[in-house]
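The values are calculated or read from the model by the stated rules, or taken from the named source; none is laboratory data. Just so it is clear, the structure is predicted and the values come from calculations on it, not from any experiment. Neighbour counts are summed over all protein chains in view; Cβ atoms, including those assigned to glycine, are modelled from backbone coordinates with ideal geometry.
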């Protein structure tokens, strides 16, 4: 039984990766699971300089999910290079660094971080064009064909020897447009979906719970939206798709792969159960056994539409 | 040896302390063996999707192979938890938190708790037995909410209880009694847990009197293990305009009161 996946040239043992922002740089989860068993680790969104993020409260529970407005807090790429990267290298797992353009959020800032990442011993770069919780960058580029194409082109120029993955937002009318923007700019792959912009109100206080009023909705609540968008995007582009959005277990992994994802990422599930990624891998293997499937690659996009 | 565990724990005992406040005892030998005063648990209250995130709840007492925690029913999650019965299994992450109360020999210690914030202080008070002369200051809104008076009397040198409305023992806030006592003799350290206004008052008082102070904080939490960085608390920086955060789950929940801005 073969579970290996080649995603944009990144060789993964299985299709299960952990989504940016839900796994930090892996240290918290390493007390519960063997990081070497994962398909890949996608780091917390990292910028050239440290970024503070938003005031508390910045997480809350919702029906079948949660919201966050962390605001891309991170210690900066130098800290990552000195502290986290050497530690992560002890594990036999591809490292994909998620990055963004810092406080500035400009194209130049995206290019600068990509220029640094291009020199590191990492396996891929995911550029975040889809965070709903920051003032600059991300959604300013991420919602249109032209915006995604422009910034991806600029990053592609300096990312000469790493796979480039573009992480897309679901806060659009037509997901195929930003997907094509990424492909036409030379991205190696796309990942979707990031969180849906949402709001939760404390009716006693008549105020939103999160400090910046809105936040990104994640968890099982958004899964059907994500499956639909993965299906649409994977049929609109030729580059491979990493699917995410509310994946909790092996069955969910299979569903995303049938919809067209070549690999997947688990996000909020990591917060609920630090072992959920490992359990999902076991669930995938169980599905393959039950269905006598020799190679997991054969189920990618294998959904038969009515 | 692992420092954190994920365990399916059997509920050994449930006690309704007063309306809406429950004490649960769970079997968790691995956690009980290494847990420190001030640490907390992340409890999965539903495995069928009624709630999504775990509920962070402080450890009340470590008892051989068991751990006790006390919680107030505040919403859907704690409501579901309150209906669990002896013999039921709950999934627990713990012991969580790296910032814990400093248990060592002191001459005189003041412990101050407000409302349900008194519960995370019990294990600390217990561990300080024989190490310090401890006074427990407990503040409640009214007589009906006064809880665990006897339990704290058994493990501390003296218990002071105040109620906001004067319906039981001293009228007013616990910190006012602490302030009065300090006029005669200052404690070596103050340990605090409770509502934000109380913590702010304790923090300010400790600073003005130059008394070391450790406070247990809370914030809405995602993972409990430092991955999502959801539970941020602002920390003191050299440049007061610079905003920097620590995290309640990873760096706390117990903080040096001079290091945080609450």
* To do: Determine which member of the set B:242, B:238 is under 20 Å from residue A:51 (Cα atoms), away from chain A (no Cβ under 14 Å) and either part of a loop (DSSP other than H, G, I, E, B) or touching a strand residue (DSSP E or B) at 6+ places or on another chain (Cβ under 7 Å) (or both).
  => B:238
* Mind listing whichever residues of the stretch B:143-159 are over 15 Å from residue B:115 (Cβ atoms), touching a residue at least 12 places away in the same chain (Cβ under 8 Å) and in contact with a helix residue (DSSP H, G or I) (Cβ under 9 Å, 6 or more places away or on another chain)? => B:151, B:155, B:156, B:159
* Asked: Do we find a residue being in contact (Cβ under 8 Å) with a residue 12 or more places away in the chain and over 26 Å from residue A:56 (Cβ atoms) anywhere in the stretch A:192-202?
  -> yes
* Which of the residues that make up the stretch A:277-298 are within 14 Å of chain B (Cβ to nearest Cβ) and either surrounded by fewer than 24 Cβ atoms within 10 Å (Cβ to Cβ) or without any contact (Cβ under 8 Å) to a residue 12 or more places away in the chain (or both)? -> A:278, A:279
* Of these, B:252, B:226, which one is closer than 21 Å to residue B:100 by Cβ and out of contact with any helix residue (DSSP H, G or I) (no Cβ under 7 Å at 6 or more places or on another chain)? -> B:252
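May I ask you to list the residues in the stretch A:222-245 that are farther than 19 Å from residue A:40 by Cβ, within 16 Å of the chain's Cα centre (by Cα) and buried (at least 19 other Cβ atoms within 10 Å of the Cβ)?
Filtering the stretch A:222-245 for residues farther than 19 Å from residue A:40 by Cβ gives A:222-225, A:227-229, A:231-233, A:235-238.
Those left that are additionally within 16 Å of the chain's Cα centre (by Cα): A:222-223, A:225, A:227, A:229, A:233.
Listed by number, the residues that qualify are A:222, A:223, A:227, A:229, A:233.
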* Determine whether the stretch B:198-216 contains at least one residue that is assigned to a loop (DSSP other than H, G, I, E, B), more than 17 Å from residue A:53 (Cα to Cα) and either touching a residue at least 24 places away in the same chain (Cβ under 8 Å) or within 10 Å of chain A (Cβ to nearest Cβ) (or both). => yes
* To do: Only residues that are more than 9 Å from chain B (Cβ to nearest Cβ) and either touching a helix residue (DSSP H, G or I) at 6+ places or on another chain (Cβ under 6 Å) or farther than 26 Å from residue A:105 by Cα (or both): list them for the stretch A:48-66, please.
  => A:48
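Output yes when any residue across the stretch A:137-148 is away from chain B (no Cβ under 14 Å), within 26 Å of residue A:6 (Cβ to Cβ) and in contact with a helix residue (DSSP H, G or I) (Cβ under 7 Å, 6 or more places away or on another chain), and no when none is.
yes
In the stretch B:47-80, how many residues are free of Cβ contacts under 8 Å to residues at least 40 places away in the same chain, within 14 Å of chain A (Cβ to nearest Cβ), touching a strand residue (DSSP E or B) at 6+ places or on another chain (Cβ under 8 Å) and outside any strand (DSSP E or B)?
In the first step, residues of the stretch B:47-80 are kept if they are free of Cβ contacts under 8 Å to residues at least 40 places away in the same chain; the result is B:48-52, B:55, B:57, B:63-65, B:74-80.
Retained after the next criterion (residues that are within 14 Å of chain A (Cβ to nearest Cβ)): B:48-52, B:55, B:74-80.
Those left that are additionally touching a strand residue (DSSP E or B) at 6+ places or on another chain (Cβ under 8 Å): B:51-52, B:55, B:77-78.
Narrowing the set further to residues that are outside any strand (DSSP E or B) leaves B:51-52, B:77-78.
Residues flagged as free of Cβ contacts under 8 Å to residues at least 40 places away in the same chain, within 14 Å of chain A (Cβ to nearest Cβ), touching a strand residue (DSSP E or B) at 6+ places or on another chain (Cβ under 8 Å) and outside any strand (DSSP E or B) within the stretch B:47-80 amount to 4.
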* Asked: Hey, any hits in the stretch A:8-21 for a residue that's closer than 19 Å to residue B:248 by Cβ and within 14 Å of chain B (Cβ to nearest Cβ)?
  -> yes
* To do: Give the residues of the stretch A:236-253 that are free of Cβ contacts under 8 Å to residues at least 40 places away in the same chain and not in a loop (DSSP other than H, G, I, E, B), sorted by residue number.
  => A:250, A:251, A:252
* To do: Tell me, yes or no, whether the stretch A:113-126 has at least one residue that is over 22 Å from residue A:52 (Cα atoms), at pLDDT below 95 and part of a loop (DSSP other than H, G, I, E, B).
  => no
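Is it the case that some residue within the stretch A:192-213 is under 16 Å from residue A:109 (Cβ atoms) and part of a loop (DSSP other than H, G, I, E, B)?
If we filter the stretch A:192-213 for residues that are under 16 Å from residue A:109 (Cβ atoms), which is where we start, we get none.
Checking the stretch A:192-213: not a single residue is under 16 Å from residue A:109 (Cβ atoms) and part of a loop (DSSP other than H, G, I, E, B).
Please work out if residue A:260 is out of contact with any strand residue (DSSP E or B) (no Cβ under 8 Å at 6 or more places or on another chain), more than 23 Å from residue A:216 (Cα to Cα) and either away from chain B (no Cβ under 14 Å) or crowded, with 24+ Cβ neighbours inside 10 Å (or both).
Details: out of contact with any strand residue (DSSP E or B) (no Cβ under 8 Å at 6 or more places or on another chain): no; more than 23 Å from residue A:216 (Cα to Cα): yes; either away from chain B (no Cβ under 14 Å) or crowded, with 24+ Cβ neighbours inside 10 Å (or both): yes.
Spelling it out, it is not the case that residue A:260 is out of contact with any strand residue (DSSP E or B) (no Cβ under 8 Å at 6 or more places or on another chain), more than 23 Å from residue A:216 (Cα to Cα) and either away from chain B (no Cβ under 14 Å) or crowded, with 24+ Cβ neighbours inside 10 Å (or both).
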